Amino acid sequence: MHPGLIVLCVILAILAALVIVVLVRTARAKSPAPKKRLPPSRNKEEQEALARDFARLIQIPTPSHEDGRTDDLEPFARLQAEVDALFPKVRENLEKVTIEGVLIYHWRGKHPEKKPILLMGHQDVVPADPKGWTYPPYGGEIHDGILYGRGTMDDKCNIFCQLRAVEDLLSQGFLPDTDVWFAYSDNEESSGGGAQKAVDWFRAHGITSFALAWDEGGAVVDKAMAGMDRPYAVVGITEKGYVDLKITARGAGGHSSTPKRDTTMTRLAAFVTDVNEHNPFERKFTPHVRAMFTNMAPSFPFGLRLLFSNLWLFEGLLTKLMPKISSQAGALLGTTCAFTMAKGSDAANVIPSEAYVIANLRPGFTQNAKESVAALQKVADRYQLELTVLKSRDASPVTSTEGTAYQYLVSCIRRRFPDCGVSPYVMTGCTDNRHYATMSDQCLRFYPVRLTDQQLSCMHGDNECISIDALSDAADFYEDFLKNYVGA
Ligand SMILES: [Zn+2]
């Protein structure tokens, strides 16, 4: 046989073997048909009654406030009075602490010697402009089984459902196994210090460690990705970092009637375009991002399943493709940079001698905050720009999916949402949970709430809403979680 033919045969044999391995792995990755959804524990009237109770919290607007502005705390006092009225047994049986707008509850368990757990939420909401809303944002109106209003998801549903579960358990005479704490901050949405005040209070009172710190985060999403064969409960095990940068250009200013080609504005514009077109940050699959996709791969449609169940072969290709297909998927692979503000001169006919843009980076797990800034600095140097760090923090530590709290939460999800898949998840946004990184090695971020993609996209936008059956399921979830939790 001709030597060239032998080489060709060998190459074809290798390719055939590769195709077989890829197809076998894809076929093996297919998960069994999902189980049936649990029947609702409340009928429609009972679900509506529950939602009407919850609406009382939605009808009190609690816009997020800056730290130190105690004059903005009146709405929080009203909200807390309403919570007292809604949950009389919580008021009688749990110890309550307030630190300015922050609200903390302590539910004593049978075993104070065991590590306590912490359930979290935030009372504040982002602003709502009624113009874009179909129903008034603070009306708390129910239409076709959906409760509309700012805070229905983010994040009053967590506070309401947690306390509702406690109220029901108290009615049953239930006592938790360990101490349970609840901490509800008042300015999560403005990245304020409410959560830190709670952390400081815990430390000052000798509570230095929680077996679990559980906050808002991923939800039970209808279609976590297009074409998935079942809803997925995604549990945030970490969140990305946060950096604000000011990038300043200096140069000769002057009259705009005789412009030079190189001005402060043109250099800034060239820099922004450069960063936008040639991503200066590293992108790769870190172990937890790999775990997330490997976990979900069985539920993907065939093409995606083939790619994600064979990451050993396609990881390089996917690292390049994912940011082009989806900004959300791309954000999981590394640091992102968004230009959010800009300032030139004060007049339309004056070339500024100083101009700046503000960039917001979300450092991932391939480069920390400092390394991400250094990567951007390299580009800025090419355009003689100065870079100033205004705010900077790294990503949160990654919670191990082998940990007891993660495993327990997953077991509750499998019990209460048997029709759903479960996966760890990397949060690209921020939560109060990051403040507890030094107090717990099991920091988890999860809403036990079923959401459609559309509801998910309304979270900080117009027409934020929650289905009344999802609200009922969430209250049941917390009840189940608290009832069966056994501390170590
Ligand atoms: Zn939130």
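Along the charge dipole of the chain, which of Val389, Ser299, Ile117 sits closest to the positive end, that is, farthest toward it, with unit charges on the beta carbon of Lys, Arg, Asp and Glu (+1, +1, -1, -1)?
Ser299
Taking the DSSP beta bridges in the chain as the whole, what percent of them are antiparallel, to the nearest 5?
Details: 44 of 67 bridges.
Percentage antiparallel, nearest 5: 65.
Dipole of region 242-393, Cα-centred, from +1 at each Lys and Arg C-beta and -1 at each Asp and Glu C-beta, to the nearest 20 debye?
So the magnitude is around 240 debye.
Just to confirm my numbers, what's the Cα centroid distance between region 227-259 and region 377-433 in Å?
With region 227-259 and region 377-433 each reduced to a Cα centre, they are spaced 17 Å.
Once Lys and Arg get +1 and Asp and Glu get -1 on their Cβ, which of Ala77, Val19, Leu57 lies farthest toward the positive end of the dipole of region 1-142?
Val19
Quote to one decimal, in nm, the extra length available between Ser327 and Glu315 on full extension: 0.36 nm per residue of separation minus the C-alpha distance between them.
This chain segment gains 2.6 nm when fully extended.
May I ask you to list the GluC sites (Glu not before Pro) in region 76-175 that are in a DSSP loop and have at most 12 other Cβ atoms within 10 Å of their Cβ?
Passing sites in region 76-175 are Glu113.
What is the set of long-range amide H partners of Gly217 at a cut-off below 5 Å, with H atoms built 1.01 Å from backbone N?
Those qualifying (amide H under 5 Å, at least 5 residues apart or on another chain) are Phe446, Tyr447.
For region 197-328, what does the alpha-carbon gyration tensor say about shape, rounded, prolate or oblate, given a ≥ b ≥ c as the root eigenvalues, a/c under 1.5 as rounded, and a/b over b/c as prolate?
Because a/c hits 1.5 or more and a/b fails to exceed b/c, region 197-328 counts as oblate.
Per residue and in cubic angstrom, what volume does the convex hull of the Cα atoms of region 242-393 have?
125
Given the peptides 419-428, 296-305, arrange them by the average over their residues of other C-beta atoms within 10 Å, most packed first.
On the way: 419-428: 21.5, 296-305: 18.5.
Highest to lowest by the protection proxy: 419-428, 296-305.
In whole angstrom, how long is each semi-axis of the equivalent ellipsoid of the chain, when you take the square root of 5 times every eigenvalue of its Cα gyration tensor and sort them from largest down?
Equivalent ellipsoid semi-axes, largest first: 41, 34, 21 Å.
Leaving out same-chain residues fewer than 8 places away, which lysines sit with a Cα under 26 Å from that of Lys131?
Lys156
Just how large is the dipole of the chain about the Cα centre, in debye to the nearest 20, putting +1 at every Lys and Arg Cβ and -1 at every Asp and Glu Cβ?
Details: 53 positive and 58 negative charges, 405 e Å.
Magnitude of the dipole: close to 1940 debye.
Please report the spacing between the Cα centers of region 161-178 and region 20-75 in Å, no decimals.
Region 161-178 and region 20-75 have Cα centres spaced 20 Å from each other.
How many angstrom lie between the C-alpha centres of region 92-144 and region 200-226?
13
Tell me, what are the semi-axes, in whole angstrom and largest first, of the equivalent ellipsoid of region 330-384 as set by the roots of 5 times the Cα gyration tensor eigenvalues?
29, 13, 7
For region 388-457, how big is the tail of P(r) above 14 Å, as a whole percent of Cα pairs?
When all Cα pairs of region 388-457 are counted, 68 percent exceed 14 Å.
Taking a spot 7 Å from the Cα of Ser411 along the direction of its beta carbon, which residues of region 92-131 have an amide N less than 15 Å from it?
No residue passes the distance filter.
Sequence neighbours fewer than 8 away in the same chain don't count; with that in mind, list the lysines whose C-alpha is under 17 Å from Lys115.
Result set, ordered by chain and number: Lys483.
Helix-only estimate, please: 222 nm mean residue ellipticity of the chain, summing -39500 (n - 2.57) across DSSP H runs of length 4 or more and dividing by its residues, to the nearest 500.
-12000 deg cm²/dmol
Can you spot the lysines whose alpha carbon is less than 18 Å from Lys378's alpha carbon? Ignore those fewer than 8 places along the same chain.
Partners within reach: Lys246, Lys370.
What number, in percent, do you get for the relative contact order of region 242-393 if the mean sequence gap of Cα pairs under 8 Å and at least 6 apart is divided by its residue count?
Once normalised by length, the contact order is 46 percent.
For the chain, with the dipole built from +1 on Lys and Arg beta-carbon atoms and -1 on Asp and Glu ones, taken about the Cα centre, which of Gly217, Pro136, Val289 lies farthest toward the positive end?
Val289
By the scheme Lys and Arg +1, Asp and Glu -1, what is the net charge of all other residues having a beta-carbon under 12 Å from that of Glu315?
Local charge sum for Glu315: +4.
Each residue of region 52-64 in order: what ³J(HN,Hα) in whole Hz does its phi give by Karplus 6.51 cos²θ - 1.76 cosθ + 1.60, θ = phi - 60°, with x for Gly and Pro?
Coupling constants for region 52-64: 5, 4, 4, 4, 5, 7, 5, 6, 9, x, 10, x, 4 Hz.
Can you compute the equivalent ellipsoid semi-axes for region 133-248, i.e. the square root of 5 times each eigenvalue of the Cα gyration tensor, sorted largest first and rounded to whole Å?
Equivalent ellipsoid semi-axes, largest first: 27, 25, 18 Å.
Over all pairs of distinct alpha carbons, what does the Kirkwood formula give as the hydrodynamic radius of region 339-473, in Å? All intermediate terms of the calculation are to be shown ahead of the outcome.
Details: mean 1/r = 0.0520 Å⁻¹.
Its Kirkwood hydrodynamic radius stands at 19.2 Å.
Laboratory data are not the source of any read-out in this text; all were calculated from the coordinates shown. Keep in mind the model is a prediction, meaning the values are calculated, not measured. Neighbour counts are summed over all protein chains in view; Cβ atoms, including those assigned to glycine, are modelled from backbone coordinates with ideal geometry.
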